[in-house]
1. Out of the residues in the stretch 160-184 meeting the condition of being surrounded by 19 or more Cβ atoms within 10 Å (Cβ to Cβ) and in contact with a Ser or Thr (Cβ under 7 Å, 6 or more places away or on another chain), tell me which one is farthest from residue 262 (Cα to Cα).
2. If you go through the stretch 168-188 one residue at a time, how many are under 14 Å from residue 244 (Cβ atoms) and in a strand (DSSP E or B)?
3. With the condition kept exactly as written, say whether any residue in the stretch 245-260 is in contact (Cβ under 8 Å) with a residue 60 or more places away in the chain, touching an Asp or Glu at 6+ places or on another chain (Cβ under 9 Å) and open to solvent by 50 Å² or more (accessible area, probe 1.4 Å).
4. Just to be sure, is residue 254 under 18 Å from residue 188 (Cα atoms) and part of a helix (DSSP H, G or I)?
5. If residue 215 satisfies every condition in (1) open to solvent by less than 30 Å² (accessible area, probe 1.4 Å); (2) free of Cβ contacts under 8 Å to residues at least 40 places away in the same chain; (3) not in a helix (DSSP H, G or I) but one, which is the exception?
6. Evaluate the stretch 189-204: report whether one residue or more is part of a helix (DSSP H, G or I), at pLDDT 95 or above, over 17 Å from residue 89 (Cα atoms) and over 14 Å from the mean Cα position of the chain (by Cα).
7. What are the residue pairs meeting all of these: first residue in the stretch 88-104, first residue within 25 Å of residue 149 (Cα to Cα), second residue open to solvent by 10 Å² or more (accessible area, probe 1.4 Å) and basic (Lys, Arg), Cβ atoms under 9 Å, and 6 or more apart or on different chains?
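The values are calculated or read from the model by the stated rules, or taken from the named source; none is laboratory data. This structure is a prediction, so every number in the text was calculated from the model and none was measured. Ideal geometry is used to build each Cβ from the backbone, glycine not excepted, and the neighbour counts take in all protein chains shown. Calculation scope for accessible area: heavy atoms of the full protein, side chains included, ligands and nucleic acids excluded. Shrake-Rupley method; radii C 1.70, N 1.55, O 1.52, S 1.80 Å.
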Amino acid sequence: MNYIKILAKPFRQVKKFYHSSLTQYPTQLANPGLANPGQLSRLKILKSLAKPVISSDKTCMVSVVIGSYNRRPLLEKAIQSVRDNQIRVPYEIIVIDGGSTDGSLEWLIQQKDIITIIQHNRGEFQGKPLKRRSWGYFMNLGFKSAKGKYILMISDDCLLLPNAVNLGLDKFEEVEKAGLKIGGVAFYFRNWPEDKEYYVQHTLGGKLFVNHGMYLKEALAAVDWADEERYIFYKADGDLCLKMWELNYEIVDCPGAYVEHYYDRNEAVRQTNNAVLDHDREAYLQRWEGIYYHRYKRDLRRRVTRFYEDKTRTADQFMNLVY
């Protein structure tokens, strides 16, 4: 018997081979004590080969999904804020990296609690330019891979304040017990150091959406995930939530769950002269015109703010970061 050849076969073939052996050694399988040493060795090997090597972790409740590219100092802090958040249920961390060249990939590979998905999104390969993928495309890689019932989405330049995830779970439980159909929980955030107050945002039609916070994975699947074609980078998160509202999933806020978002002044300047933002904004309005957007009616978009004093001074971790 050439066991090397057996090991090289696909699992289904190995399992079929094992079950065919049931007819050869029925007595020995029922009572291994009757098998001779050679038969016993063979039976043990066949039994082990008939079992799947990989099993899914059905206990995972929260999947943390983060997209990143060339922002290792910020990414490391974001990941540590997740680890330090004292999440009370089993969770996983998934990072989708766009092919970083700043050491992020080398660092990620060494982090044994992180599932890393590499999606090269810039440069050339074999003399041809790589196709640029959208925000929706790379976030869907993480969303669809997630094992958790709930998906926490934060940016790689964010820090969770203490207990944020547990409060998000509590909010899901509270709304579900009330019999409501919930698709997402929006965390309050601020752009540090510009903003003094934290806020959530209502988008077109006055509908609340998730900038940073948690989704029910079932709801993401129900609306066919994030749009990968219509938007390049901006507005896809608002679009995702409007699709949930359209299917009667509610998005609710979560007072007490806070996020610090690092927002440097260079980014503010870029957004004032950003063709991608202009493109995505127009695509967003066209997509929802006549549904949640009416060109000649009062604009219902707004912020809802909250003042909160973070006694742990989480945002101090951003000090001396220069981009």
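1. The selected residue is 161.
2. Final tally of qualifying residues: 5.
3. No, the stretch 245-260 contains no residue that is in contact (Cβ under 8 Å) with a residue 60 or more places away in the chain, touching an Asp or Glu at 6+ places or on another chain (Cβ under 9 Å) and open to solvent by 50 Å² or more (accessible area, probe 1.4 Å).
4. Against the criterion (under 18 Å from residue 188 (Cα atoms) and part of a helix (DSSP H, G or I)), residue 254 does not qualify.
5. Status for residue 215: all satisfied but (2).
6. Scanning the stretch 189-204, I find at least one residue that is part of a helix (DSSP H, G or I), at pLDDT 95 or above, over 17 Å from residue 89 (Cα atoms) and over 14 Å from the mean Cα position of the chain (by Cα), so the answer is yes.
7. From residues that are within 25 Å of residue 149 (Cα to Cα), the pairs are 92/147; 93/83.
Table: residues versus (1) closer than 30 Å to residue 226 by Cα; (2) at pLDDT 55 or above; (3) surrounded by fewer than 15 Cβ atoms within 10 Å (Cβ to Cβ).
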position: 16; (1), (2), (3): no, yes, yes
position: 46; (1), (2), (3): no, no, no
position: 68; (1), (2), (3): yes, yes, no
position: 95; (1), (2), (3): yes, yes, no
position: 112; (1), (2), (3): yes, yes, yes
